[in-house]
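Here is the structure we will look at, set down as structure tokens.
The values are calculated or read from the model by the stated rules, or taken from the named source; none is laboratory data. The structure presented is a predicted model; accordingly, all values stated were derived computationally and were not measured. Positions of Cβ are generated from backbone atoms using ideal geometry, with glycine treated the same way; all protein chains shown enter the neighbour counts. When the accessible area is computed, the model is the full protein with side chains, heavy atoms only, and any ligands, DNA or RNA have been set aside. Shrake-Rupley method; radii C 1.70, N 1.55, O 1.52, S 1.80 Å.
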Amino acid sequence: MTLPPNNASGSSNVHEARSTLGKRLRELRVAAGLSGRQLAESLSWPPSKVSKLENGRQTPTDDDLRGWTAATSSEGETEALLASLHTLEVQHAEWQRILRTGLKPHQQELISWDQKTRLFRAFEATVIPGLLQTPEYARARFAEGIRRLKLPNDINEAIAGRVQRQEILYRPDKRFHFVLTEAALRFRLCAPDIMLGQLDRLISLSQLLNVRLGVIGFETQYATSPWHGFWLYDNERVLVETLSAELDLRQPQEIELYGSAFEQLAAVASYGRSARTIINRVMEDLAPDSPDDSA
């Protein structure tokens, strides 16, 4: 069996994929002439688990699928079911699972993707992209994740990993196109002096020959809504971060959808001197709230 093509995006596709897998499990149970209770009893499961799996309210494990096919005498379906499950797991990975051993391993995984990607396109509506963050801004972001998700505290190692990733910005064989909203420059997600340093770094990085930095000012008329941030790795992969999970989208329809959205957002952004003018304006507004070093 295969998962359905994704014509929508994000978590709705995850739900659709889980529901499709559940429907196939129900078909196998019905074909075997078993009621939900009978199947549950044969596997020593609570009856509610069969219902949850069939209705897409719970994601099965590998062992769940193997038990299901054995109990319904449909072992020939096992590999196809497992393939569908693993596709679903790649598409929707909960942060608690990704980061269960700490923040640094995820940074190392991103480095491996960075190495094989030639064109990076990123849109962020609320935060500064990781590749452009100062260590101080990154510390504030990691600290929030540790606090919210109750993660192991390896923040210093994670920052070192992020700084290591940023070396890729200086490779001439890589191209980067970042689009930020003015809101991302103004949200108070760290202390004012840290944000001033971050904005100054954006100005510096915007002058790299292989980096294109666009800023969408508050006065700009949008062609498409800035619903959430996302990253495009060449035309191979889209990453979307939510509060609870990372969506890893690789179906052509979704990559095309996000690519089109990025182009529409990029088309209304300001670049070069105009982008730096917006950044400098934000810095001027923020300066009075920053501690005075001369005091």
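Restricting attention to the range 155-183, which residues are more than 22 Å from T117 (Cβ to Cβ) and in contact (Cβ under 8 Å) with a residue 60 or more places away in the chain?
Hit for the range 155-183 is E182, nothing else.
Only one of F218, F178, F120 is surrounded by fewer than 14 Cβ atoms within 10 Å (Cβ to Cβ) and at pLDDT 95 or above. Can you tell me which?
F218
Quick one: which residue in L209, L213 is surrounded by fewer than 15 Cβ atoms within 10 Å (Cβ to Cβ) and not in a helix (DSSP H, G or I)?
Selected residue: L209, the only one of L209, L213 that is surrounded by fewer than 15 Cβ atoms within 10 Å (Cβ to Cβ) and not in a helix (DSSP H, G or I).
Condition test on S112, is it open to solvent by 20 Å² or more (accessible area, probe 1.4 Å) and either farther than 27 Å from E167 by Cα or at pLDDT 70 or above (or both)?
Yes, satisfied.
Filter the range 179-199 for residues that are over 16 Å from A140 (Cβ atoms) and in contact with a Ser or Thr (Cβ under 9 Å, 6 or more places away or on another chain) and give the result.
T181, E182, A183
Among the numbered conditions (1) over 30 Å from A17 (Cβ atoms); (2) among the hydroxyl-bearing types (S, T, Y); (3) assigned to a helix (DSSP H, G or I), tell me where S260 comes up short.
Answer for S260: the failing condition is (1).
Residues checked against (1) touching a Pro at 6+ places or on another chain (Cβ under 6 Å); (2) in a helix (DSSP H, G or I); (3) among the basic types (K, R):
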| residue | (1), (2), (3) |
| --- | --- |
| Y137 | no, yes, no |
| R141 | no, yes, yes |
| Q164 | no, yes, no |
| D173 | no, no, no |
| L180 | no, no, no |
| C190 | no, no, no |
| I194 | no, yes, no |
| L199 | no, yes, no |
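Please determine, by comparing only the residues of the range 272-295 that are loosely packed, with under 15 Cβ neighbours inside 10 Å and in contact with a Ser or Thr (Cβ under 9 Å, 6 or more places away or on another chain), which one is nearest to D200 (Cα to Cα).
The selected residue is T277.
So which of L247, L189, L243, L232 ends up being surrounded by fewer than 19 Cβ atoms within 10 Å (Cβ to Cβ), more than 25 Å from S290 (Cα to Cα) and among the aliphatic types (A, V, I, L, M)?
Of the residues listed, the single one that is surrounded by fewer than 19 Cβ atoms within 10 Å (Cβ to Cβ), more than 25 Å from S290 (Cα to Cα) and among the aliphatic types (A, V, I, L, M) is L243.
Somewhere in the range 157-180, is a residue under 18 Å from the mean Cα position of the chain (by Cα) and more than 26 Å from Q108 (Cβ to Cβ)?
yes
Is there a residue in the range 129-138 that is hydrophobic (A, V, I, L, M, F, W, C), crowded, with 20+ Cβ neighbours inside 10 Å and over 26 Å from I216 (Cβ atoms)?
no
When both residues are 6+ apart or on different chains and their Cβ atoms are under 6 Å apart, which pairs have a first residue that lies in the range 43-56 and is without any contact (Cβ under 8 Å) to a residue 40 or more places away in the chain, and a second that is open to solvent by less than 60 Å² (accessible area, probe 1.4 Å) and among the aliphatic types (A, V, I, L, M)?
Hits for this filter: L43/A71; P47/A40; V50/L39; V50/A40; L53/L25; E54/L25.
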